[in-house]
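Asks: What follows is a single structure, and I will ask about it in a moment.
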Amino acid sequence: MNIVVPIKLVPDLVEELEINDEGTDLERDFLSYKINEFCDHAIEEALQLKEAHGGTVTVIGVERDETDKALFTALAKGADKAIKITELDEAAPTHVVAKAVCNVLAGMEYDIVMTGVQAADDRDGQLGVLLGSYLGIPHVSVVSDVSIDGDTIALHKEYAGGVMARYEVASKVVLGVQAARQTPRYAPVSRVRQIMKEMEIEEVEAADADVAIGSTLRRVYTPEKGEGAEMIEGSAEDIAGKIAAVINEKRGG
């Protein structure tokens, strides 16, 4: 079972976030990045399947300053191969990234593509959906508890309200992983450094990844601050009366 895991690096939310002068994006020049939480879960789930059933795990990332570290860390955890997509704007929209990943996949043998269900910096959850569309294969998102029985892939998909459904699909398929069966494993720094000496990251140019996108981001802004909360004190009757007065005032009564 050959599994491919495209990963995304997202701003580390412990850093102070600022908006650029154009008001269209974060000011990214001084941000530090880390692997997206859900992508880390996708790697872990892929490694669990590999350890149980054999096969390979290939991790793919788009080039940016921290990409090598993330890919070497995945190799240190047990991935077999790492690919870095070059010549692609690090702020490229999801549609473009999906097309670039598909260009890489065109020359590979794979059974499952596992993405994180969404990313912390956009939460649109569309990478897996778009990959399925471009590749012409099925896609299931918000996935957990993946298992393999022969040629059948069984999984759980979560719907709104916490409703869980069990699916059985065949490879080839794209899965948007919400949670691995266990906490993503830790790779010691010493192991990552060793892997850096022993293994290499393959570099592949993005090729033709220009696609029409359905929306354009016009403005980013921080929420406006209100005047603060008004604390109401007194007996239960006094509080109820004050609340009723506020409601009547707001509705113009």
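Asks: For the stretch 185-208, does any single residue satisfy the condition of being in contact with a His (Cβ under 9 Å, 6 or more places away or on another chain), touching a residue at least 12 places away in the same chain (Cβ under 8 Å) and among the hydrophobic types (A, V, I, L, M, F, W, C)?
Replies: no
Asks: Please list, ordered by first then second residue, the pairs with beta carbon atoms under 6 Å, 6 or more apart or interchain, first in the stretch 45-59 and buried (at least 18 other Cβ atoms within 10 Å of the Cβ), second part of a helix (DSSP H, G or I) and of a type outside the set (A, V, I, L, M).
Replies: Within 6 Å, the pairs are V57/K50.
Asks: Among the listed residues V174, V192, which satisfies the condition of being in a strand (DSSP E or B) and at pLDDT 95 or above?
Replies: The unique qualifying residue is V174.
Asks: Are any residues in the stretch 177-189 outside any strand (DSSP E or B) and of a type in the set (A, V, I, L, M), and if so, which ones?
Replies: Hits for the stretch 177-189 are A180, A187, V189.
Asks: Would a scan of the stretch 25-35 turn up a residue that is over 14 Å from A119 (Cβ atoms), out of contact with any Pro (no Cβ under 7 Å at 6 or more places or on another chain) and surrounded by 17 or more Cβ atoms within 10 Å (Cβ to Cβ)?
Replies: Checked against the condition, which is being over 14 Å from A119 (Cβ atoms), out of contact with any Pro (no Cβ under 7 Å at 6 or more places or on another chain) and surrounded by 17 or more Cβ atoms within 10 Å (Cβ to Cβ), the stretch 25-35 yields no hits at all.
Asks: Is there a residue being surrounded by 17 or more Cβ atoms within 10 Å (Cβ to Cβ), closer than 24 Å to K8 by Cβ and in contact with a Gly (Cβ under 7 Å, 6 or more places away or on another chain) anywhere in the stretch 143-160?
Replies: Taking every residue of the stretch 143-160 in turn, at least one turns out to be surrounded by 17 or more Cβ atoms within 10 Å (Cβ to Cβ), closer than 24 Å to K8 by Cβ and in contact with a Gly (Cβ under 7 Å, 6 or more places away or on another chain).
The values are calculated or read from the model by the stated rules, or taken from the named source; none is laboratory data. Everything numeric in this text was worked out from a predicted model, so none of it was measured. Please note: Cβ atoms are built from the backbone with ideal geometry, for glycine as well, and neighbour counts cover all protein chains shown.
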